[in-house]
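The values are calculated or read from the model by the stated rules, or taken from the named source; none is laboratory data. Just so you know, these numbers come straight off a predicted model, no measurement behind them. Using ideal geometry, Cβ is built from the backbone for each residue, glycine included, and neighbour counts are taken over all protein chains shown. Heavy atoms of the whole protein, side chains included, go into the accessibility calculation; ligands, DNA and RNA do not. Shrake-Rupley method; radii C 1.70, N 1.55, O 1.52, S 1.80 Å.
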Amino acid sequence: MRPIILQGHERPLTQIKYNHDGDLLFSCAKDKVINVWFSHNGERLGTYEGHTGAIWTCDISKNSSLMASGAADNTMRLWDVKSGKELFKWEFPTAVKRVEFNEDDSRIFAVTEQRMGFSGTVTVFRVPSSANDVAAETPLYVITTRESKATVAGWSYLSKYLITGHDDGSVSRYDANTGEFLESKQIHNVGASITDLQFSPDRTYFVTACKDTTAKLTDVDSFDVIKTYLTDTPLNTSSITPVQDFIVLGGGQEARDVTTTATRQGKFETRFYHAILEEELGRVKGHFGPINTIAVHPKGTGYASGGEDGYVRVHAFDKNYFDFKYTL
């Protein structure tokens, strides 16, 4: 499983995302640039430039025509994927930490930072039909997070719920049509920040990564934790594989402590866990710093990881991966 190494950023990676078909890979980083690559060979197709601060997040519409991004310049922007042209811009009082289209690409949310006296929010907008669609600037609704700021969020199946992960280790569920609060649950250690939230392919359950060194699999409807994956390092990212029952985790010792640590001790490896049996199956080395973001190919043929070291590593699974059977 020899990786393709993508060298297109000068600063740490913040999020990487495949498009719906898996032929394109988008990467954003603290260097104010979003890159798009062919996922099969690592060829860079282009860049999206316009943000004036670290870019924290991006998402791609199902037909790969639109890409949304959120950054520390307090804006969420909508781009034409093909031309690289900026189509629309929403402005906020604080940084945008997570953006995501809903299932039919009719709506989009932005998770904003709690800072300088401003509350953290999740703001939902209609996706504009054109660059002149001024009405799309007005939010459909704004969720002001309750006890603790939201760090991550995502749409459930059929855009029924909006799920948020919080700085205090809790998750909340909102009615995605109205923004009405439904319930909240403390699934991680109190005070341990949830760093990532990714859904299963059918969006009926999701996995959260947390600084308390665990990842949790939670059912959308019952809101019960189904599985817990224990590691020995703070986690920054977690993902679910569509082929084989695996959970892919990444993290590592905090960046500020890394200079005093050998790579092995820093635990900068991608970890594979059996989703049902909760056991670690293997690790993949490569990064020279904490792994900040992992995305699994939508067809389950491989995965990509982005690190504090500024590199994206794209792995294609070999035959042994698909032949693997876990024997009890």
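For Lys325, the lysines whose Cα falls under 27 Å of its own Cα, not counting residues fewer than eight places away in the same chain, are Lys216, Lys227, Lys267, Lys285, Lys299. Simple spin-label estimate for Asn320 and Ser106 gives 4.8 nm between the two label positions (7 Å along the Cα-to-Cβ direction from each Cα). Database remark: amide H of Leu281 closer than 5 angstrom to the amide H of Phe272, Tyr273, His274 (H placed geometrically; neighbours at sequence offset of 5 or more, or on other chains; Pro and chain starts carry no H).
Sort the chain into rounded, prolate or oblate with this rule: let a ≥ b ≥ c be the square roots of the eigenvalues of the Cα gyration tensor; rounded if a/c is under 1.5, and if a/c is not under 1.5, prolate when a/b is larger than b/c, oblate otherwise. Judged from the Cα gyration tensor, the chain comes out rounded (a/c under 1.5). Here the range 4-316 is treated with +1 on each Lys and Arg Cβ and -1 on each Asp and Glu Cβ, and its dipole about the Cα centre works out to around 460 debye.
The slack in the chain from Arg146 to Asp202, taken as 0.36 nm per residue of separation less the alpha-carbon distance, amounts to 17.3 nm. The simple Förster model, with R0 at 25 Å and r as the Cβ-Cβ distance, assigns Phe38 and Ser65 a FRET efficiency of 0.90.
Where does the chain land at 222 nm, in deg cm²/dmol rounded to the nearest 500, when only DSSP H runs of n ≥ 4 count, each adding -39500 (n - 2.57), divided by all residues?
Numbers: 2 runs with 9 residues, N = 328.
Result for the chain, helices only: -500 deg cm²/dmol.
Close amide H pairs (under 5 Å, H built 1.01 Å from N) link Arg98 with Val111, residues at least 5 positions away or on another chain. Given points 7 Å out from each Cα along the Cα-Cβ axis, report the Ser159 to Thr178 separation in nanometres with one decimal. Between Ser159 and Thr178, the simple spin-label model gives 1.8 nm.
In Å², what does the accessible area per residue of the chain work out to with a 1.4 Å probe?
On the way: 13860 Å² over 328 residues.
Solvent-accessible surface per residue comes out at 42 Å².
How much of the accessible area of the chain, in percent, comes from carbon and sulfur atoms when a 1.4 Å probe is used? Whole-percent figure for carbon plus sulfur exposure: 48. Coupling constants for the range 245-250 follow from the phi torsions by the Karplus curve (6.51 cos²θ - 1.76 cosθ + 1.60, θ = phi - 60°), and in residue order they are 8, 10, 10, 10, 10, x Hz; glycine and proline get x. Glu279 sits among other residues whose Cβ lies under 15 Å from its own Cβ, and their net charge, with Lys and Arg +1 and Asp and Glu -1, is 0.
Proximity of backbone amide H atoms, modeled 1.01 Å from N, is registered between His166 and Thr151, Ile194 at under 5 Å, excluding neighbours fewer than 5 places apart on the same chain.
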